[in-house]
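Read the structure below first, then the notes.
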Amino acid sequence: MMLSLSAFGQDNDSLDVDKEANLQNITITSRRSGTRRIKGPTNAQLITRDELFKAACCNLGESFTTNPSVDVNYSDAATGAKQIKLLGLSGTYVQMLTENLPNFRGAAAPYALDYVPGPWMKSIQVSKGSSSVRNGYESITGQIDVEYLKPDDEQGVTVNLFGNTMGKMEANADANVHMNDRLSTEILAHYQNEWGHHDQNDDGFQDQPNVRQWNLQNRWKYKSDSYLFHGGISMVKEKREGGQTHHTAPNTHHLYKIGIETDRYEGYMKHAFILNPEHGTNLAVMGNASMHLLDANYGDKHYSVNQKNAYAQLLFENNFTEQHNLSAGFSINYDYLTKDDKETVSGAYAQYTYNLNDKVVAMAGVRADHSSRFGTFVTPRFHLKLTPNEIVSLRLSAGKGYRTVHALAENNNLLASGRELVIDDLEQEQAWNYGISSSFYIPLFGKTLKLNAEYYHTRFSQQAVIDYDSNPSEIRITNLDGKSYSNTFQIDATYPVVKGLELTAAWRLNDVKCTYGGELMEKPLTSRYKGLVTASYKTPLGLWQFDATLQLNGGGRMPTPVNGLWDNTFGAYEQVSAQITRWFRHFSVYIGGENLTGFRQKQTIINAADPWSSTFDPTMVWGPVQGAMFYAGIRVNFGRL
């Protein structure tokens, strides 16, 4: 909140001034939490730029460092592929959205977290559970929706430069121009170069690949009293190079190298027609289309794909009264990867919301879709929020989700393993998700303690299982034959200890099991628990900011060992990150470090000495692949063009 006043100075709690001073301009600032709950029946959090600025946040994958709910880990130690985990399950069960449009499907999934530069993001919305039927049927454990900077934001040019001790350099820029009161445009640009050849564990392999990426986006926005248009185009060009740096054993042939080249082109548009502002009646047409070209080499294995996706949606919304809201619409999605891996899904949904003075909010939705591969299926979902007073809020949810598996495209990084990759004829995945969450706002010593507790259960009736255990010579992606479920319990608390200092503490338990080879087992490479403590302090004048995060990641099960090459389990480990930011009027400078404890998984690649053998495997990653890393950066706002 920024207020410009013309007044005499007075004694009060927020201003410390001379009683006789005549102040022409007084600025009153109020610091809001960088992460906050979103009003509504779903259990959703909004991560703002204030939270994103607490860490390096070079891309979407690094933006959850201070978040207790979302985990981001390397999928393997050779390609740099990362994955999100939410409610103890893989990110494939999280529906990825960009500004409410489904995105980053199929072949884009393994490296999608690197395709969204951190400085481009305005906010991230994380929803847990089955979410709304409006965006489709694919949300099983939740949704992550990225909001980019907007063309009609405050006009100006911003540049962000970043570098770290691992040989990574980034340059980001965003600029927008207001053509007139109604039309505005924006350019977002990103360049990244990682040139280091680090091998901290001396296994002969780079700890992470060298990545060069060019990313460009142009966005337009037009608004009038009854019509809104938002559209744009983008392109990503990326090249990854990794693998062996030198021979680690005699009598071996050429070096094991990894090369991945990606070209991605995307366009989107939204048209909104405001029919009756008083009743919130509007009609919207929106859609996006993308082409994703991937050409990858993993040693002597080659994989290429030219994926095409198109999505369109028509939706109508109306508030009949203050208590009753109806949303309905149609959608169609088309995926093409190969002639044997393509699908068209068309569907319709209706969703009703009842709101009784924000004390009781109930949302019930259902959608019916028809797939060219799996026929017709129905997705029901229900959410209920009860707020009896200002202190307590309770949410309940239940819903079903479905997902079509593009097994090779989504898991092409598994080709880096020496094991044979076997993919069965896969069914459509199906799962129910049930959740209960509660929020408490407790007055304590003149401040408010925010306390949240939640429990979620996800149970699969059909699932594509990645099986490392049944056969030591292969990785098999097969249909579930037995039980598969996850239980997660989390509690977190946030409290402003003193003025400018906010502490957050969280604890989460994961109970994730699946049937492998007829035996119900703990899901491998999954931590049983996670603890997190964050501290953020900003000086009274807002010139200095200090942020620190401690993570404690619990141990878990490893895939069944082969010839004693690895242990049955992995242990718990801790990580510390910290950052100091100095704010100036038109720019800020920040320095920091990640994984300051220096902990790293000792054996990130199984049998690295013989990469051409069937026991070579870089995909069994459960912890950090690098030690301590330090970075520095500068953000400059040049103001209006």
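The values are calculated or read from the model by the stated rules, or taken from the named source; none is laboratory data. Model, not experiment: these values are computed from the prediction. Here Cβ is always computed from backbone atoms with ideal geometry, including for glycine, and neighbour counts include all displayed protein chains. Heads up: the accessible areas ignore ligands, DNA and RNA and are worked out on the full protein's heavy atoms, side chains in. Shrake-Rupley method; radii C 1.70, N 1.55, O 1.52, S 1.80 Å.
Annotations
- Set of lysines with alpha-carbon distance to Lys270 below 22 Å, sequence-local pairs under 8 removed: Lys122, Lys150, Lys221, Lys223, Lys308
- For the pair the range 168-199 and the range 362-416, the centres of their Cα atoms are 33 angstrom apart.
- Relative to the Cα centre, the charge distribution of the chain, modelled as +1 at Lys and Arg Cβ and -1 at Asp and Glu Cβ, gives a dipole magnitude of about 1140 debye.
- Residue-normalised accessible area of the chain, given per residue in Å² at a 1.4 Å probe: 43
- Furthest towards positive pole of dipole, Trp566, Asn479, Gln545, structure part the range 471-618, Cβ charges: Gln545
- Rounded to whole Å, sorted largest first: equivalent-ellipsoid semi-axes of the range 84-137, Cα gyration tensor: 18, 14, 12
- Cα-based Rg of the range 387-433 normalised by 2.2 N^0.38 Å, two decimals: 2.07
- Distance in nm between pseudo-label sites at Thr569 and Ser470 (7 Å out along the Cβ direction from Cα): 2.7
- Here r is the Cβ-Cβ distance between Asp263 and Gln323 and R0 is 41 Å; the resulting FRET efficiency, rounded to 0.05, is 0.25.
- Carbon plus sulfur fraction of accessible area for the range 311-402, probe 1.4 Å, in percent: 64
- Above 20 Å, the calculated P(r) of the range 322-411 contains 52 percent of its Cα-Cα pairs.
- The residues neighbouring Gly204, those whose beta-carbon lies less than 14 Å from its own, together hold a net charge of -4 under the Lys/Arg +1, Asp/Glu -1 convention.
- Computing mean projected area of the Cα convex hull in nm² for the structure here picks out one of (1) 28.8; (2) 33.7; (3) 30.8, namely (1).
- Added length on full extension, which subtracts the Cα-Cα distance from 0.36 nm per residue, Val636 to Ile442: 65.9 nm
- Anisotropy class of the range 485-622 from Cα gyration tensor, a/c 1.5 cut: oblate
- Gyration tensor (alpha-carbon) shape descriptor, the range 279-339, a/c threshold 1.5: prolate
- Computed over the chain, the per-residue total of -39500 (n - 2.57) for DSSP H runs of n ≥ 4 gives a 222 nm mean residue ellipticity of 0 deg cm²/dmol, rounded to 500.
- Each Lys and Arg Cβ is given +1 and each Asp and Glu Cβ -1; about its Cα centre, the range 139-209 then shows a dipole of about 220 debye.
- Relative intensity, log₁₀ I(q)/I(0), of the range 173-290 from a Debye sum that treats every alpha carbon as a point, q = 0.20 Å⁻¹: -1.08
- Here the extension length gained between Asp153 and Arg36 equals 40.0 nm, from 0.36 nm per residue of separation less the Cα-Cα distance.
- Whether the range 39-180 is rounded, prolate or oblate, judged on the alpha carbon gyration tensor where a/c under 1.5 counts as rounded: oblate
- Counting only lysines at least 8 places from Lys450 when in the same chain, those with an alpha carbon closer than 22 Å to its own are Lys39, Lys54, Lys128, Lys359, Lys385, Lys499, Lys530, Lys538.
- In sequence order, the range 416-429 has phi-based couplings of 5, 6, x, 5, 6, 8, 10, 10, 7, 6, 8, 7, 6, 6 Hz under the Karplus curve 6.51 cos²θ - 1.76 cosθ + 1.60, θ = phi - 60°, and Gly or Pro positions carry x.
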